[in-house]
Each structure stands twice: as C-alpha cells, then as structure tokens.
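K.L.:
One structure is given below, represented as structure tokens, and several questions about it will come after.
Nothing in this text is a laboratory measurement; each read-out follows from the coordinates by a stated rule. Note that the structure is predicted; figures quoted are calculated from it, not measured. Note that each Cβ is placed from the backbone with ideal geometry, even for glycine, and that neighbours are counted across all protein chains shown.
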Amino acid sequence: MDHPAKHGVRETGRACCEMSRSSSGVLCKKQGPVCRDRTEYVFFDGLHPTDAVNARIARKGYGSSSPEHAYPINVKKLAML
C-alpha cells in the first residue's frame, strides 16, 4: 500500500494476530490474541490483508482507469459489456 499513514494504517510490518510457530509463521496462533483495531494493519496474518486493505484493493479494481490497478479494463467497465 502506497503511503499507509495517509489511509490510517500504522502497522505495515507485523500481522494483526500472534503468529503460530507450527504453521511456518504465516497463520494466526489458535485462540491467540489479535489486534484491537484491524484498520491500522496491512496484514491480518502472514499472508492475508485485513478487510480495510481488501476494500481499498477492491475499490481500485472496480473503478480505476489506471492499468496498474485494473488491466485491460476495470470491473465497472467489464460489467457494462
């Protein structure tokens, strides 16, 4: 995510949950603690973005005219075909 602080995201390097050692450090520890405000994190676990980041990705893919975000056309134009 470009400029995370601009979007209210403070934590870009750690997951929102405590990582499990048995899952190669990519999934949350079963019944482990999770962060209070998921909107401040890029990743929920070691692989998956938080809902806030997923929503931003979806908005870009839906309506962006930039080929960096949606190629060859965005979802909105695709739905109108």
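K.L.:
Relative to the longest principal axis of the chain, what angle (0 to 90°, nearest 10) does the C-alpha long axis of helix 51-63 take?
P.N.:
It is inclined by approximately 10 degrees.
K.L.:
On to the next question. Sort MET19, MET80 so that the residue with the fewest other Cβ atoms within 10 Å of its own Cβ comes first and the one with the most comes last.
P.N.:
Working: MET19 17, MET80 7.
Going from sparsest to densest Cβ surroundings: MET80, MET19.
K.L.:
Quick one: check the C-alpha center-to-center distance for region 1-17 versus region 38-81, whole angstrom.
P.N.:
Rounded to whole Å, the Cα centres lie 16 Å apart.
K.L.:
In a shell of Cβ-Cβ distance under 15 Å around ARG38, excluding ARG38 itself, what net charge do Lys and Arg (+1) and Asp and Glu (-1) give?
P.N.:
Once positives and negatives cancel, what remains is -2.
K.L.:
Then there's this: How much net charge surrounds SER22 when only the other residues with a Cβ under 11 Å from the Cβ of SER22 are counted, with Lys and Arg +1 and Asp and Glu -1?
P.N.:
My count for the surroundings of SER22 gives +3.
K.L.:
Also, I was wondering about something else. Go through 38-50, 60-72, 6-18 and give me the packing order, highest mean Cβ count within 10 Å leading.
P.N.:
Order by mean packing, descending: 38-50, 6-18, 60-72.
K.L.:
Using every alpha carbon pair in region 4-79, what percent of pairs falls into each 5 Å bin from 0 up to the bin containing the largest distance?
P.N.:
P(r) for region 4-79, in whole percents per bin: 3, 17, 20, 17, 14, 12, 9, 6, 2.
K.L.:
A follow-up question, please. Give the relative contact order (percent, whole number) for the chain; include only Cα pairs under 8 Å separated by 6+ residues.
P.N.:
22
K.L.:
Determine the calculated [θ] at 222 nm for the chain from helices alone, applying -39500 (n - 2.57) to every DSSP H run no shorter than 4 residues and normalising by the residue count; nearest 500 deg cm²/dmol.
P.N.:
Helix-only estimate at 222 nm: -6500 deg cm²/dmol.
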